[in-house]
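What follows is one structure encoded as structure tokens, with my remarks underneath.
The values are calculated or read from the model by the stated rules, or taken from the named source; none is laboratory data. Keep in mind that this is a model prediction, so the values were computed, not measured. Note: ideal-geometry Cβ built from the backbone for every residue, glycine included; neighbour counts use all protein chains shown. Surface areas here come from the heavy atoms of the whole protein model, side chains and all, with no ligands, DNA or RNA. Shrake-Rupley method; radii C 1.70, N 1.55, O 1.52, S 1.80 Å.
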Amino acid sequence: MPPDDRTDVSGPVAGALRATGPTVRPSHAAVRVPERPDPAELYAALDLGTNSCRMLIAQPKGALLHVVDSFSKSVQLGNGLETSGRLSRASMARTIGALKICRRKLEMHDVRRMRLVATEACRRATNAAEFIRLVERETELPLEIIKPEEEARLAVVSCAPLVSAKTEQLLVVDIGGGSTELVWIDLTRVPRHDRARAIMRLHAGFEGTRDDPFPRAKVVDWISIPLGVATLKDQFRDVTDDAARFALMSWHFEECLAEFSPYADAEGAVDPGFQIIGTSGTVTTVAATHLNLRRYDRNKVDGLRMTSQQIDRVIRGYLAQGPDGRRLDPRIGRDRHSLIMSGAAILQALLRVWPTDRLSAADRGLREGLLYAQMSADGVLDDGPF
């Protein structure tokens, strides 16, 4: 991503962020105060999707990110969008409330470099421009709507540390609230030790440049399907039978894959050089259920590898529970119980086409991709192993 695509906040917005920050007064008590990160090292990334508003504030640590603060809230911005084509007043009000919390966190940490983006709900809404103006007026935050290709690219970049050295063909799947992005990458010409780094270099674009001195990861194809966990659920809300609704959602999503060129080459057999990385709440929830976690643990979920059979067993368990059982299941959570079956339907469709014993759950996504891209463009990440 070129430097001009980043938002380096200055002028009145930055002044407002800095002027209202906390005042630290000296104390005579012998209390050790944790050292605050240097604001010059901090970056922020905000992802406003169809269902959730999520933000990370982080600083570079070697080749990795060190998260300083985070925020996540279900705002259901796209609620009713499928029928009206507009963002509702209630949805916009909920979202503005969440963005005001994000603003306070940015003020508190005196963050000066940030990229705050909106995705599918704002791409589709006829009143999106009105909403962006409202955000600017109410919060002074520079929210921008990004195109599907950039969303797909940043999701891929975030998953670079999870790419196996043995992987020759990689499919990255980002199941969002309003859309699902798929990117197929050929790594056969990249030396094994450099495959994760080659994925990271895709932040500059899927096409690359002819004078790139490094071995290139080849993007075979990518697609953005305007169906995510919220929009797919809305399309089949009139089907009352739980199992029938799930089957219809899964087959409908598979039909949408027909335009994705690697679909035609699928043989339905496990390829030892093939890896799927799934970055979404659906995949991490399935992983947490597979591990039977009563309390979610990112360290156990992020990077977990599952087979098609293990995932299918979890999904069959969800169907056996029914809506009431899923609502009470602590591994699914109250925020996700109504969306888990539409996400599972998407996941099952993918695994029918590309069975694998190397599906990796990624508790990371657009926010991490935004941070990696900003830091990489600024040259503050080490060029070492992940």
Residue check, Thr188 against (1) in contact with a Phe, Trp or Tyr (Cβ under 9 Å, 6 or more places away or on another chain); (2) part of a loop (DSSP other than H, G, I, E, B), all met but one. Which one? (1)
May I ask you to verify whether Ala196 is open to solvent by less than 10 Å² (accessible area, probe 1.4 Å) and part of a helix (DSSP H, G or I)? no
Residues to consider are Phe206, Phe214; find the one that is under 16 Å from Leu154 (Cβ atoms) and either part of a loop (DSSP other than H, G, I, E, B) or of a type in the set (Lys, Arg) (or both). Phe206
Meets criteria (among the charged types (D, E, K, R), open to solvent by 40 Å² or more (accessible area, probe 1.4 Å), in contact with a strand residue (DSSP E or B) (Cβ under 6 Å, 6 or more places away or on another chain) and closer than 30 Å to Ile57 by Cα) for Asp378: no
Pairing a residue in the range 37-50 that is within 23 Å of Gly176 (Cα to Cα) with any residue that is outside any strand (DSSP E or B) and charged (D, E, K, R), where Cβ atoms lie under 8 Å and the two sit 6 or more apart in sequence or on different chains, gives Ala45/Arg367; Ala45/Glu368; Leu46/Arg367; Asp47/Arg367; Gly49/Glu120; Thr50/Glu120
Can you find even one residue in the range 267-282 that is closer than 25 Å to Gln76 by Cβ, open to solvent by 10 Å² or more (accessible area, probe 1.4 Å) and within 23 Å of the chain's Cα centre (by Cα)? yes
Residues (under 15 Å from Gly369 (Cα atoms) and open to solvent by less than 40 Å² (accessible area, probe 1.4 Å)) located in the range 50-64: Met55, Leu56, Ile57, Ala58, Gln59, Pro60, Ala63
Looking at the range 308-332 only, could you name the residues that are over 25 Å from Thr356 (Cβ atoms) and open to solvent by less than 20 Å² (accessible area, probe 1.4 Å)? Gly322, Arg326, Asp329
For the subset of the range 78-114 comprising residues that are at pLDDT below 95, within 26 Å of Thr126 (Cβ to Cβ) and more than 21 Å from the chain's Cα centre (by Cα), which member is surrounded by the most Cβ atoms within 10 Å (Cβ to Cβ)? Glu82
Matching residues in the range 126-144 - criterion: being open to solvent by less than 30 Å² (accessible area, probe 1.4 Å) and either free of Cβ contacts under 8 Å to residues at least 12 places away in the same chain or more than 20 Å from the chain's Cα centre (by Cα) (or both): Asn127, Ala128, Phe131, Val135, Thr139, Leu141
Qualifying positions in the range 348-364 - open to solvent by less than 10 Å² (accessible area, probe 1.4 Å) and either among the small types (Gly, Ala, Ser) or not in a helix (DSSP H, G or I) (or both): Ala349, Thr356, Leu359, Ser360, Ala361, Ala362
Does the range 158-176 contain any residue that is part of a helix (DSSP H, G or I) and open to solvent by less than 20 Å² (accessible area, probe 1.4 Å)? yes
